[in-house]
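Participant: Encoded as structure tokens, here's the structure I'll be asking about.
The values are calculated or read from the model by the stated rules, or taken from the named source; none is laboratory data. Nothing here was measured: the structure is a model prediction, and the numbers come from that model. Every residue, glycine among them, receives a Cβ derived from its backbone with ideal geometry; neighbour counts consider all protein chains shown. The accessibility values were calculated without ligands, DNA or RNA, using every heavy atom of the protein model including side chains. Shrake-Rupley method; radii C 1.70, N 1.55, O 1.52, S 1.80 Å.
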Amino acid sequence: MKNWIRKEIQQLSAYNVPDSGNAIKLDAMENPYNWNMAYTEAWLEVLRDVSLNRYPESSANEVKQQLRSVMQIPDNMDIILGNGSDELIQMLALALNDEGRVLLAPEPSFVMYRMIANFVRMQYIGVPLQVGDFELDMFAMLEDIEIYQPALIFLAYPNNPTGNTFSIDDIEAILETATGLVVIDEAYAPFAEHTFMHCLDKYPNLLVMRTLSKLGLAGVRLGFLVGSPEWLGQIEKLRLPYNINTLTQFSTVFALQNYEILKQQTEQIKIDRERLAIELEAMEGIHIWPSEANFILFQTKNAKKVFDRLKARKVLIKCLHGFHPTLENCLRVTVGTSEENKIFLQVLEQVIEV
Ligand SMILES: *Cc1c(COP(=O)(O)O)cnc(C)c1O
């Protein structure tokens, strides 16, 4: 084995998903709301017509149409669907990688950018965000873009795990400076004020990536990439046939036809995020950062210990201590239901060190 599996792969550790058991699960940016009975019944009715003996419709046209009708996708832009946006990141890296090519992203950001660069043997450059406010360090960004001429840049807007949105002017400066492809990863668009969807015409090197995971459909695994037919026509060639399975296609069309429900849920999550932020901020021994996503990053003394104690009391959040120097003693909590948030705050109050 050691002779055959690539060295870089042997050195990687697999993406770790902890078993949550019966804990309150506030670690993975999921929408906490289940579907009600009537809605579930209507969905099961839809699934009756599914023929699992047949291959899925390869281009998933109905899914794309529904996405167009609810996501304000410009008519002149194309869509590529992925099995989650993770698969799209991989397709992009495969399409743009070549001898000496660089994938660049700010750090800390979404860990899959680095992992996938590794998978495909693309050189990865992580540019540290500014200490304190997690804004783009524009001096470093523009300098590294100049030096490395990256083929591919990923900017998560809002950023994960910090929750903030970068300055729009800074992002536009990057779009104007970069000669390669810039992908704005809008995984948290349902919770953010601004989108770059309407800038696609202005910047020919821009693609916008979205996912339904944070909107409330993490289980269906559906991500999508929006951009000019010129770019997407090439990238589409890397899509494996039937990557969007039949159950996902039918379920997604059904859910998007009932988009109002998802929209209400995300509005509720935004309200609860503000409440949670106020409560956290008021707590002694905690520093929080502003968030336009469905989670909040905060810092506290002995974060690892606080995380372990929360977990022992069946509240699972994410410990980011050790991920990046700027995340020292940082924890990330996903906004849950009002009830879950209340329990989280109560337990946190008990276990925190001031
Ligand atoms: C969660 C997340 C994704 C992954 O989304 P999937 O569609 O579930 O693969 C992509 N980008 C960012 C920034 C995320 O936080």
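Participant: VAL253 to ASP98: extension gain in nm, 0.36 nm per residue of separation minus the Cα-Cα distance?
Facilitator: 52.1 nm
Participant: What FRET efficiency do you get for VAL46 and VAL354 if R0 is 56 Å and r is their Cβ-Cβ distance, rounded to the nearest 0.05?
Facilitator: In this case the efficiency is close to 0.60.
Participant: For the residue pair ILE168 and ARG275, what label-to-label distance in nm results when each label sits 7 Å from Cα along the Cα-to-beta-carbon direction?
Facilitator: Computed distance between label sites ILE168 and ARG275 equals 3.0 nm.
Participant: Can you give me the % of accessible surface on the chain that is carbon or sulfur? Probe 1.4 Å, all protein chains present, nothing else counted. Could you put the intermediate results ahead of the total?
Facilitator: Values: 8650 of 17060 Å².
The nonpolar share, carbon plus sulfur, comes to 51 percent.
Participant: Full-extension gain between PHE139 and GLU176, please, as 0.36 nm times their residue separation minus the C-alpha to C-alpha distance.
Facilitator: 11.9 nm
Participant: So, in nm, how far is label GLU230 from label ASN53 when the simple model puts each one 7 Å beyond its Cα toward the Cβ?
Facilitator: 4.7 nm
Participant: Now a separate question. Which aspartates and glutamates have a Cα lying under 14 Å from the Cα of LYS214, excluding residues fewer than 8 positions away in the same chain?
Facilitator: Here the aspartates and glutamates satisfying the reach criterion relative to LYS214 are ASP27, GLU30, ASP86, ASP185, GLU186, GLU267, GLU292.
Participant: What's the FRET efficiency of GLN268 with VAL111 using the Cβ-Cβ distance as r and R₀ = 25 Å, to the nearest 0.05?
Facilitator: 0.30
Participant: Ok, one more. Report the charge-dipole magnitude of the chain in Debye, nearest 20, computed about the Cα centre from +1 at each Lys and Arg Cβ and -1 at each Asp and Glu Cβ.
Facilitator: Once rounded to the nearest 20, the dipole reads 1460 debye.
Participant: Using a 1.4 angstrom probe, figure out how much accessible area the chain has per residue, in square angstrom, rounded to the nearest whole.
Facilitator: 48 Å²
Participant: Along the positive direction of the dipole of the chain (beta-carbon charges: Lys, Arg +1; Asp, Glu -1; about the Cα centre), which of LEU276, PRO229, GLY322 reaches farthest?
Facilitator: GLY322
Participant: Something else about it: For region 121-198 and region 301-354, what is the separation of their Cα centres, given in Å?
Facilitator: 27 Å
Participant: Something else about it: With label points built 7 Å along Cα→Cβ from the Cα atoms of ASN245 and ASN61, find their separation and express it in nm.
Facilitator: 2.5 nm
Participant: Follow-up. With a 10 Å radius around each residue's Cβ, average the other Cβ atoms per peptide and rank 24-32, 220-228, 261-269, highest first.
Facilitator: Values: 24-32: 20.4, 220-228: 22.8, 261-269: 16.3.
Descending packing order for the listed peptides: 220-228, 24-32, 261-269.
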